[in-house]
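Chemist: Structure in structure tokens, see below.
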Amino acid sequence: MPYLLDVLELDVAAATVAPSGTLRTTPQVITQPPAPSVKPVETDPVNRRQFLSAAATSTGTTLLPAATPYLESGRRIGADVPRQLQQRTARLRRLDDFMGGGDTYATYANELDATVELVDQGVYGDTTGRALRAVLAEQAQLAGWAAFDTGRYTEAYRHYMAALGASKESGDRSLAGNSLAFLAYLEWARGGNGVELATAACETAGRDAPPAVRALLWDRLAWQHATVGNARDADGALAVAEEAVQEETDRPEPDWVYWVDTDEIAIMTGRCWAELHRPLRAIPALEGALSRYDDTRARDKALYLSWLASAYLDAGEVEHAAAITGNVLDLSQGLASTRPAGRSRILLQRLQPHRSVPAVSELLERAPVSVLPA
């Protein structure tokens, strides 16, 4: 049984928010002044990304955590406070579109710590308490994702378990399912098998979950199947995800699935088939969606392009794979994330036997030393 499942029941109890300070992270507090106003250079995607990051920093990451003033003004927490905190969490979540976990972790962890203090010390009714724990679960997922994005797996695990405990206390099955899906992804990254956790994520959220939630959880299950070579199960899970994302509904979707659309499902479809070494299925799905993917979302585009390059290598198109890998390296410059570098290293390792090809030789010569294979 996977490592995370071995300790799941034990750690969920420890991840609840009742003991004061259980989720403390003591990150470095950001104290720098807001970044100066600059104009974006529209002709340079990297400069435009830097502009967006600076703008996000000046408007979001230098502020005090939103929960802090509520305790300063008294211990009674009104029913509108969770909604206000949720709206701020939604704004902070958008930082992840343009910034790596190394840029956002301290902000997310500070926000989480302040909410934990509010939950511990505030006075509120049961309904408000459940809503506060739902906010706490969302914030713990954000902190866990930022930690994961920088390879800090121990911190990511702790945050994800905290999110799972808080989401169960809130009664939000979709949030609990998402916490399990994050744990599945972490299990895979640590070299394990995340299928069981990803399956539990879909079962926990249930078939009556909002369509975008079902799409997200089932495409994450598809990925876990693909990573262990289960092509048939991956294909079936992708079909469920695609059907869900196209479902029309009047039901409100949680903000944490705001980015789930048909292109995201297509990208996961391409990634799964690339992981399964089926380039004829992977390439069309990835190329179609990535043609509409802005370079300012550099980390994610670099990662997704890396699977496109891998698929072209499987198809025997070495020069094209090298050209795409060059784009991956360019987009990865300056990112506070370890994942694009890891994918770049895998691609360069696969390209090394083809170094007699001029495009590959040039790529290996210009690649940063940090991503060159030993």
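Chemist: Please sort 76-84, 174-182 by packing, taking for each peptide the average over its residues of neighbouring beta carbons within 10 angstrom, highest first.
Modeler: By packing density, highest mean first, the sequence is 174-182, 76-84.
Chemist: Quick one: putting +1 on the C-beta of Lys and Arg, -1 on the C-beta of Asp and Glu, what dipole do you get for region 188-232 around its Cα centre, in Debye to the nearest 20?
Modeler: For region 188-232, the charge dipole is close to 100 debye.
Chemist: For region 121-169, report the convex hull volume of the alpha-carbon atoms normalised per residue, in Å³, without decimals.
Modeler: Each residue corresponds to 60 Å³ of Cα convex hull volume.
Chemist: Moving to a separate point now. Going through region 256-336, which trypsin sites (Lys or Arg not before Pro) have at most 12 other Cβ atoms within 10 Å and a DSSP loop state?
Modeler: R292
Chemist: Determine the per residue accessible area of region 289-374 with all protein chains present and a 1.4 angstrom probe, expressed in square angstrom.
Modeler: 44
Chemist: Just need the relative contact order of region 201-263 here, percent rounded to a whole number, with Cα pairs under 8 Å and 6+ apart.
Modeler: Averaging sequence separation for qualifying contacts and normalising by length gives 39 percent for region 201-263.
Chemist: How big is region 75-176 by Rg and Dmax over its Cα atoms, in Å?
Modeler: Cα-based Rg and Dmax for region 75-176 come out at 13.2, 39 Å.
Chemist: How long is the gain from S370 to E253 if the chain were fully straight, where each residue apart is worth 0.36 nm and the alpha carbon distance is subtracted?
Modeler: Result: 38.0 nm gained on full extension.
Chemist: Nothing charged except the Cβ atoms of Lys and Arg (+1) and of Asp and Glu (-1): what's the magnitude of the dipole of region 251-374 about its Cα centre? Round to the nearest 20 debye.
Modeler: For region 251-374, the charge dipole is close to 380 debye.
Chemist: Hey, got the dipole for region 94-173? About the Cα centre, +1 on K and R Cβ, -1 on D and E Cβ, debye to the nearest 20?
Modeler: Computed about the Cα centre, the dipole is about 260 debye.
Chemist: Alpha carbons only, please: Rg and Dmax for region 200-267, in angstrom.
Modeler: 11.5, 37
Chemist: Calculate the tail of P(r) for region 100-233: the fraction of all Cα-Cα distances greater than 23 Å, expressed in %.
Modeler: Taking all Cα-Cα pairs of region 100-233, the fraction more than 23 Å apart is 34 percent.
Chemist: Any idea what the alpha-carbon Rg over 2.2 N^0.38 Å comes to for region 231-295?
Modeler: Ratio of Rg to 2.2 N^0.38 Å for region 231-295: 1.20.
Chemist: Right, next: Cβ neighbours within 10 Å, averaged per peptide: list 190-196, 153-159 in order, most packed at the top.
Modeler: Per-residue Cβ counts within 10 Å, averaged per peptide and sorted highest first, yield 153-159, 190-196.
Chemist: In addition: Over region 184-305, how many percent of alpha carbon pairs lie in each 5 Å bin up to the one with the longest distance?
Modeler: Computed distribution, short to long bins: 2, 12, 20, 24, 22, 14, 6, 1.
The values are calculated or read from the model by the stated rules, or taken from the named source; none is laboratory data. Since we're looking at a predicted model, the values are computed, not measured. FYI the Cβ positions are ideal-geometry reconstructions off the backbone, even for glycines, and counts take in every protein chain you see. Ligands, DNA and RNA are excluded from the accessible area calculation, which covers all protein heavy atoms including side chains. Shrake-Rupley method; radii C 1.70, N 1.55, O 1.52, S 1.80 Å.
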